[in-house]
Amino acid sequence: MSHNGLKNTESAGANTVNSAASSKTALFILAITYWLYFGQLGVLVPYLGIFLDGRGFSSAEIGELFAVITLARILGPGLWAGVADKTGNAIGVMRLGCFLTVLTFSSVLYFTSFWGLTLAFGLMMMFWTAVLPQLEVITMNSVANTNTTYGQIRLWGSVGFICLTVGVGKALDIFSTDTPVHASIFVLALLFISTLFIRAPKESAPESSAVGSIWKFAKQKPFAVFIFASACLQISFGAYYGFFALYMRDLEYSGQETGIFIALGVLAEVGIFLIARRLISQFGVWSLLFVSIALTGLRWYVMAAFADFFMVIVLSQLIHALSFGLTHAVSVHFIHQFLPKAYHSRGQAVYISVAFGLGGAFGNYMAGQQWQQGTNAHETFVTAAVFAAIGALSLLICSRKEMESAKAA
């Protein structure tokens, strides 16, 4: 071999090593970002009700506030994802969303009225919706040519959720009900910093197929059924997201025990994310969604009827691996496979807007109206079980074959 040939070979080898190292660093940063993003949710989602209760709000007002701020998830994702898809600058949109989220959320400390807090949380949620759809797309593209799966990166979000849920739960036994807000501001600031280190994989110019509305794909039967079932699932989560921590407190579980319960559910997610790709390959999207949503209905029913029993709470929390973890992994997979590449961000946005936004807002509002300071806890969780059952049964409208082989036309 000539000297030049040897030199070229060594150079190619060095480039390969550098590329592999760069790829590992990029995936590591994405894992940290997921840790912080879902860690923030681990601080806020379980304990926002306690924060608002500490500010003197009734259960109806808590449900209404949850519903109003959740409505921001309807408009926000589509707006941000449209910008990301058309400009090809998903990373820029994500960073801007994180920065504005920190600024607006900090104002929560200065508001005490219902509408003041609603405005602060609503603006925060509007900017918050810029983050996840872009992060999901960047991650799916980043792992595409590696041995790492989406689930292996996403599971770090569950780890973050666990760590901060347990930590803040313990802190609530020591400090005031404002603790979740202070912790959230700190985590959000770290999240913004982490996005500054993310390097999105190189993408070609936006495809011409991106011209046109996402709704021409969303109205097709497999996607429409998927969205409806997902919305019903999120409606059913209204009681859990808004009142689980208060429910546990009323049943005389400590803040630390509540944190452990929540963390247990998310810990089960970690295991699911590790095997999600194998489960999807073996059983398919339809079957996994049907079983997961149906078992979620069972979860809410036992929560309604037998929450006095410690082991019932433990077992119901283990089902969270399916209720959230597996359904989310399957949903991201379905959207990625069903839609053309140029519509991935907007597909994720529709999923978040309709299922988590509209469905979540309705579920939160309904749960708040039913809860009545905990006197109707049983009825609230039974209602949640009914909506989960409707979601599972709605999948029967679309056959397994239709959903498995579906590709947007």
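The values are calculated or read from the model by the stated rules, or taken from the named source; none is laboratory data. As the structure is a prediction and not an experimental result, all values here were calculated from the model. Neighbour counts are summed over all protein chains in view; Cβ atoms, including those assigned to glycine, are modelled from backbone coordinates with ideal geometry. Heads up: the accessible areas ignore ligands, DNA and RNA and are worked out on the full protein's heavy atoms, side chains in. Shrake-Rupley method; radii C 1.70, N 1.55, O 1.52, S 1.80 Å.
Name every residue in the stretch 48-70 that is among the hydrophobic types (A, V, I, L, M, F, W, C) and within 18 Å of Ile185 (Cα to Cα), in order of residue number. Explain how you work it out, then say what you get.
So the first thing to find is which residues in the stretch 48-70 are among the hydrophobic types (A, V, I, L, M, F, W, C), and the list is 48, 50-52, 57, 60, 62, 65-69.
Listed by number, the residues that qualify are Leu48, Ile50, Phe51, Leu52, Ile69.
Matching residues to (1) surrounded by fewer than 24 Cβ atoms within 10 Å (Cβ to Cβ); (2) free of Cβ contacts under 8 Å to residues at least 60 places away in the same chain:
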| residue | (1), (2) |
| --- | --- |
| Ala276 | no, no |
| Ile293 | no, no |
| Phe306 | yes, yes |
| His320 | yes, yes |
| Ser323 | no, no |
| Met366 | yes, no |
| Asn376 | yes, yes |
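In the stretch 269-313, how many residues are in contact with a His (Cβ under 8 Å, 6 or more places away or on another chain) and closer than 14 Å to Gly391 by Cβ?
Residues flagged as in contact with a His (Cβ under 8 Å, 6 or more places away or on another chain) and closer than 14 Å to Gly391 by Cβ within the stretch 269-313 amount to 1.
If only one of Phe290, Phe228, Phe223 is under 21 Å from the mean Cα position of the chain (by Cα), under 29 Å from Tyr47 (Cα atoms) and either in a helix (DSSP H, G or I) or not β-branched (Val, Ile, Thr) (or both), which one is it? If you could, list the steps in order and put the result at the bottom.
Values: Phe290 fails: under 29 Å from Tyr47 (Cα atoms); Phe223 fails: under 29 Å from Tyr47 (Cα atoms).
Every option except Phe228 fails the conditions.
Exactly one of (1) modelled with pLDDT of 80 or more; (2) surrounded by fewer than 22 Cβ atoms within 10 Å (Cβ to Cβ); (3) not β-branched (Val, Ile, Thr) is unmet by Lys7. Its number?
Checking Lys7 against (1) modelled with pLDDT of 80 or more; (2) surrounded by fewer than 22 Cβ atoms within 10 Å (Cβ to Cβ); (3) not β-branched (Val, Ile, Thr), the one that fails is (1).
How many residues are open to solvent by 10 Å² or more (accessible area, probe 1.4 Å) and of a type in the set (Gly, Ala, Ser) when one looks only at the stretch 231-241?
Qualifying residue count for the region: 1.
Could you give me the residue pairs with C-beta distances under 9 Å whose first residue belongs to the stretch 187-215 and is farther than 25 Å from Thr104 by Cβ, whose second residue is among the basic types (Lys, Arg) and at pLDDT 90 or above wherever it lies, and which are 6+ apart or on separate chains?
From residues that are farther than 25 Å from Thr104 by Cβ, there are no pairs.
If only one of Gly284, Gly212 is open to solvent by less than 80 Å² (accessible area, probe 1.4 Å), at pLDDT 85 or above and at positive phi, which one is it?
On the way: Gly212 fails: at pLDDT 85 or above.
Only one candidate passes the filter, namely Gly284.
Mind listing just one residue for me: the one in the stretch 378-388 that is closer than 18 Å to Phe306 by Cβ and of a type in the set (A, V, I, L, M, F, W, C) and, of those, most open to solvent (accessible area, probe 1.4 Å)? Give the derivation first.
Step one: of the stretch 378-388, the residues closer than 18 Å to Phe306 by Cβ are 378-386, 388.
This time we only want the ones that are of a type in the set (A, V, I, L, M, F, W, C), so: 381-382, 384-386, 388.
Details: Phe381: 0, Val382: 44, Ala384: 5, Ala385: 14, Val386: 77, Ala388: 0 Å².
So, considering only residues that are closer than 18 Å to Phe306 by Cβ and of a type in the set (A, V, I, L, M, F, W, C), the one most open to solvent (accessible area, probe 1.4 Å) is Val386.
Is it fair to say Glu61 is modelled with pLDDT of 75 or more and more than 29 Å from Gln134 (Cβ to Cβ)?
Working: modelled with pLDDT of 75 or more: yes; more than 29 Å from Gln134 (Cβ to Cβ): yes.
Criteria met by Glu61.
Select from the stretch 69-92 the residues that are in a helix (DSSP H, G or I) and either open to solvent by 60 Å² or more (accessible area, probe 1.4 Å) or of a type in the set (Phe, Trp, Tyr) (or both) and list them in ascending order.
Initially, the stretch 69-92 is screened for residues in a helix (DSSP H, G or I), giving 69-87, 90-92.
Once the filter is applied, which keeps residues that are in a helix (DSSP H, G or I) and either open to solvent by 60 Å² or more (accessible area, probe 1.4 Å) or of a type in the set (Phe, Trp, Tyr) (or both), the stretch 69-92 yields Leu71, Ile74, Leu75, Leu79, Trp80, Val83, Lys86, Thr87.
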